[in-house]
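Enquirer: First the structure, then my questions, so here it is.
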Amino acid sequence: MAVDSSAGKETMPQINKFFLEDIRCFMGIQNLEIRPITFIVGENSTGKSTVLGCLQAVADYINLDRSSFSFGQPSIDFNFGPYEMGSFRDIIRRKEPMLKEFKLGMEVNNLILNKERTKVIFTLGEDKNHSEPIIKKMIFSDLENAVEIEVNQIKINSDSESSIMGESTVRYDDKSNKYIVEIGNSFI
């Protein structure tokens with residue numbers, strides 16, 4: 001929770017925008033403005049439940065209702081009622097069977113360190129061992145200072161008991177003004 005210095009009171013993180021890319025009936029990137037009162041209307045099978053299910057899944061994952069920013073489980077849960085969205089193949093854009101990933105994201109006020117605007121984007125892919133989508137990449141952007149943190153999953157050979165399993169590396173890329181965090185696949 002952030003503190004509003006002008007009023008001296010705590011403020012909850014607030015979602016201002018939500019992003020979907022290549023999910024079910026949505027082709028390409030779709031941006032949704034979120035206001036204090038937002039209506040989602042349309043005919044049957046036009047994506048209303050998909051938007052609400054994805055929004056709930058991402059918000060639950062980053063725990064917007066808690067007193068501080070933290071991550072949830074190693075993967076985003078798309079099958080938590082009332083929005084049971086199914087497996088990776090059920091969620092990814094249906095008319096493009098060759099797609100290997102989809103993206104979800106949001107722009108949030110007061111998420112980290114009292115920042116006015118933070119953008120969080122998740123790239124999700126298929127896990128050969130499970131039907132649920134897994135997080136392949138997370139990008140956090142401080143929109144005030146144009147700083148970006150990218151978190152990537154590292155593929156580690158499962159046959160070897162590598163000492164880097166579960167460890168991470170952090171580096172700053174001057175060219176892209178981005179911090180890059182690489183995490184062993186036991187984290188994600």
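Enquirer: Between CYS25 and ASN177, what is the label-point separation in nm under the 7 Å Cα-to-beta-carbon projection?
Expert: Rounded to a tenth, the inter-label distance reads 3.9 nm.
Enquirer: Additional query: Could you state how much accessible area VAL51 has, in square angstrom rounded to the nearest 10, with a 1.4 Å probe and all protein chains kept in place?
Expert: 10 Å²
Enquirer: What FRET efficiency, computed as 1/(1 + (r/R0)^6) with R0 = 30 Å and r the Cβ-Cβ distance, is obtained for GLU96 and ASN129, rounded to the nearest 0.05?
Expert: Values: r = 23 Å, r/R0 = 0.77.
With a Förster radius of 30 Å, E is 0.85.
Enquirer: When ranked by the protection proxy of mean other Cβ atoms within 10 Å per residue, highest first, what sequence do the peptides 26-32, 84-90 form? Please list the in-between numbers first.
Expert: Details: 26-32: 12.6, 84-90: 15.4.
Put in order of decreasing packing, that is 84-90, 26-32.
Enquirer: Go through LYS17/LYS136; LYS103/LYS137; LYS95/LYS137 and tell me which ones have a Cα-Cα distance over 20 Å in this structure. Please report the intermediate quantities before stating the final value.
Expert: Values: LYS17/LYS136 22 Å; LYS103/LYS137 9 Å; LYS95/LYS137 24 Å.
The pairs that break the limit, which is 20 Å between Cα atoms, are LYS17/LYS136; LYS95/LYS137.
The values are calculated or read from the model by the stated rules, or taken from the named source; none is laboratory data. Nothing here was measured: the structure is a model prediction, and the numbers come from that model. Every residue, glycine among them, receives a Cβ derived from its backbone with ideal geometry; neighbour counts consider all protein chains shown. Calculation scope for accessible area: heavy atoms of the full protein, side chains included, ligands and nucleic acids excluded. Shrake-Rupley method; radii C 1.70, N 1.55, O 1.52, S 1.80 Å.
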